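A quick write-up on the structure given underneath.
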Amino acid sequence: MGRVLVTGGAGFIGSHICDKLLDLGHEVVCYDNLATGSEGNITHLSEIAGFTFVEGDIRDDGRLGDAMEGCTHVNHQAALGSVPRSIKDPVLTNEVNINGSLNVLVCTQRYSIERFVFASSSSVYGDNTDMPKREENTGKVLSPYAVTKSAFEDYARVFHLIHGTETIGLRYFNVFGPRQSPEGPYAAVIPLFMQSIHRGQPPTIFGDGEQTRDFTYIENVVEANLLALFGDSKESYGGVFNVATGRTISINALFDTIQNSMSDYLGKETSIAPIYEPPRDGDIKDSLADLSSVTRSLGYSPKKWPEEGIVETVRWFVESNR
């Protein structure tokens with residue numbers, strides 16, 4: 001069994017990865033500054049043997065190094081997300097996502113970590129209109145957030161090339177599931193839709209709602225991280241792979257699906273119409289992942305489709321807000 005440092009481990013995605021690693025018998029060091037993560041996501045882990053929480057920033061190399069010492073693997077989920085936030089404050093986004101992430105990568109080399117797996121983003125496809133999205137065909141990025149993700153992919157590739165570090169990047173496509181918060185100005189669309197319907201308020205859709213996304217349930221993302229952390233595919237080192245379902249749905253259809261699911265779960269009909277506003281700067285029109293490379297190299301395939309994931313996420317949301 002390994003000892004895995006999970007940066008951003010108190011976040012939505014990171015906390016689910018911590019759960020699964022502990023279930024499998026690994027030790028986990030959860031490292032998070034709680035800027036966007038929450039202690040509530042990991043409270044249930046505090047009494048589990050093998051779990052350690054360290055509050056710290058990835059830009060603090062001293063504290064990060066102390067937390068990493070004795071670890072065998074690093075799973076790097078910490079980041080400052082959101083395209084709109086990066087447009088509003090590109091300097092802070094760069095400091096965290098580039099300087100902070102590079103700090104984690106350098107510490108990985110210093111402490112002779114066996115494997116470094118990190119979260120990237122489908123935003124790196126930018127203005128490339130090809131569908132589905134294939135890893136080798138990225139376009140011109142459209143936001144500071146996408147710049148940081150694209151640049152760090154190169155850093156990881158170069159560290160593998162120069163130092164032999166076993167780096168593997170995972171390009172997430174619109175991850176959703178339990179623990180994803182609807183709070184704050186940069187919340188993701190699915191928890192925002194659920195919150196609006198639950199409150200009987202119309203949600204906002206930017207654009208005409210016909211833009212499409214490859215929404216990916218959290219269980220699939222956790223599975224991809226485990227395959228990347230512990231697989232033995234040497235051809236994957238230095239590479240970056242799509243993590244998605246290979247299906248697409250429009251934002252309008254997504255809203256209808258969530259509203260119908262909440263109506264079924266609550267046992268009462270809801271009929272709320274969204275408000276439409278102009279598209280946001282930096283948003284892409286359509287997104288659909290090609291999974292052939294990640295299937296071939298890591299053995300990944302989605303285990304749960306978006307429709308199933310929405311039902312489980314709605315159940316969690318309603319129960320959490322009773």
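Quick note: the coordinates plus some simple rules give every number you see, no bench work behind them. On a predicted model such as this, the values are computed, not experimentally measured, just so you know. Cβ placement follows ideal geometry from the backbone for every residue including glycine, while neighbour counts extend to all protein chains displayed.
Summary of computed values
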read-out	value
Computed helical MRE - 222 nm, the chain, DSSP H runs ≥ 4 contributing -39500 (n - 2.57), nearest 500	-11500 deg cm²/dmol
Phi to ³J(HN,Hα) by Karplus 6.51 cos²θ - 1.76 cosθ + 1.60 over segment 68-77, Hz, x for Gly, Pro	7, 4, x, 7, 9, 9, 10, 10, 9, 10
C-alpha long axis of helix 306-320 to longest principal axis of the chain, angle in °	90 degrees
Net +/- balance of residues flanking K234 in space, Cβ distance below 12 Å, scoring K and R +1, D and E -1	-2
Theoretical FRET efficiency, 1/(1+(r/R0)^6), r = Cβ-Cβ of E210 and E55, R0 41 Å, to 0.05	0.45
Considering only the chain, percent of DSSP beta bridges that pair antiparallel, nearest 5	5 percent
With Cα atoms, 0 to 90° folded angle of helix 251-266 axis to the chain main axis	80 degrees
Inter-label distance for I87 and S301, nm, one decimal - labels placed 7 Å from Cα along Cα-to-Cβ	3.9 nm
Residue-by-residue Karplus 3J(HN,Hα) for segment 13-20, coefficients 6.51, -1.76, 1.60, Hz, glycine and proline x	6, x, 5, 5, 5, 4, 3, 5
Counted charge near A10, where neighbours are those whose Cβ lies closer than 14 Å (Asp, Glu -1; Lys, Arg +1)	-4
Centre separation in Å (Cα based) which lies between segment 111-141 and segment 1-55	25 Å
Net charge of neighbours whose Cβ lies under 15 Å from the Cβ of D130, counting Lys and Arg as +1 and Asp and Glu as -1	-1
Estimated FRET transfer efficiency when R0 is 41 angstrom, pair F230-I275 (beta carbons, to 0.05)	0.35
Helix axis angle, 101-110 relative to the chain longest principal axis, alpha carbon, degrees	30 degrees
Model label zone, A151; criterion: amide N under 18 Å from point 7 Å along Cα-to-beta-carbon; scope segment 68-99	78-99
Distant-in-sequence amide H partners of V28 (H built 1.01 Å from N, under 5 Å)	V4, F51, T52
Potential lengthening between L161 and N321 on full extension [0.36 nm per residue; Cα-Cα distance subtracted]	52.8 nm
Surface/4 of the Cα convex hull for the chain, nm²	15.3 nm²
